[in-house]
Amino acid sequence: MITQPGPVRTWHDIARARDASLLGELLADDVVFRSPAVFTPQHGRAKTTLYLTAAIAVLGPTLRYVDEWYADSSAVLEFEADLDGIVVHGVDMLRWDDTGRLTSFTVMVRPVKGLQQLMGMMSAELTRLTGSTPRSDS
């Protein structure tokens, strides 16, 4: 059996606890977050923390990881979640540095109807967290 890498264990602990306050220890300062709903990569710990905090709130209640694959400093985690009756299926692609901090977090989601539902829910959560509506092109 392959041992689950430390950064993956830490991410699962954060997702399971739905506690975004633990992200600081997991994310590198220069981490890059890539979302299926946002055109450009989001750079830095602050932006990545914001997006992952919103994702934990939106997906967290029904998030279920169903499989995962590992390489030396990366992993792909397959997940499912139910968003108000629409089941989304996706992957989180993680990369980390020698210290075990995430340098890249990429999310892909299907089907389109599920992505649209996720985008609406994420937009509402990001607005709640920041007080302003996020731009979908940035």
Relative contact order (%) - criterion: Cα under 8 Å, at least six apart; region: the chain: 24
Efficiency of FRET between ILE86 and ASP29 - r from beta-carbon atoms, R0 25 angstrom, step 0.05: 0.10
Pairwise label distance in nanometres, LEU129 with TRP69, each label 7 Å out on the Cα-Cβ vector: 2.8
Estimated vicinal HN-Hα couplings, Hz - the stretch 9-16 in sequence order (Karplus 6.51, -1.76, 1.60; Gly, Pro = x): 4, 4, 4, 4, 4, 5, 5, 5
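Can you tell me what the convex hull of the Cα atoms of the stretch 6-129 projects to on average, as an area in nm²?
6.9
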Cut-off under 5 Å, modelled amide H: who pairs with LEU83 long-range: VAL88
For peptides 46-53, 84-91, sequence by mean Cβ density within 10 Å, most packed first: 46-53, 84-91
Size of electric dipole in the chain: Cβ of Lys, Arg +1 and of Asp, Glu -1, about Cα centre, debye, nearest 20: 360
Degrees between helix 112-130 axis and first principal axis of the chain (Cα, 0 to 90, nearest 10): 90
Order of TRP96, TRP69 under a 10 Å beta carbon neighbour criterion, fewest first: TRP69, TRP96
Dipole of the chain [Lys/Arg +1, Asp/Glu -1 at C-beta], most positive-end residue of ILE2, GLN116, THR48: GLN116
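Read-outs throughout are calculated quantities, based only on the coordinates presented, and are distinct from any laboratory measurement. Small disclaimer: the values here were computed from a predicted structure and weren't measured. Neighbour counts are summed over all protein chains in view; Cβ atoms, including those assigned to glycine, are modelled from backbone coordinates with ideal geometry.
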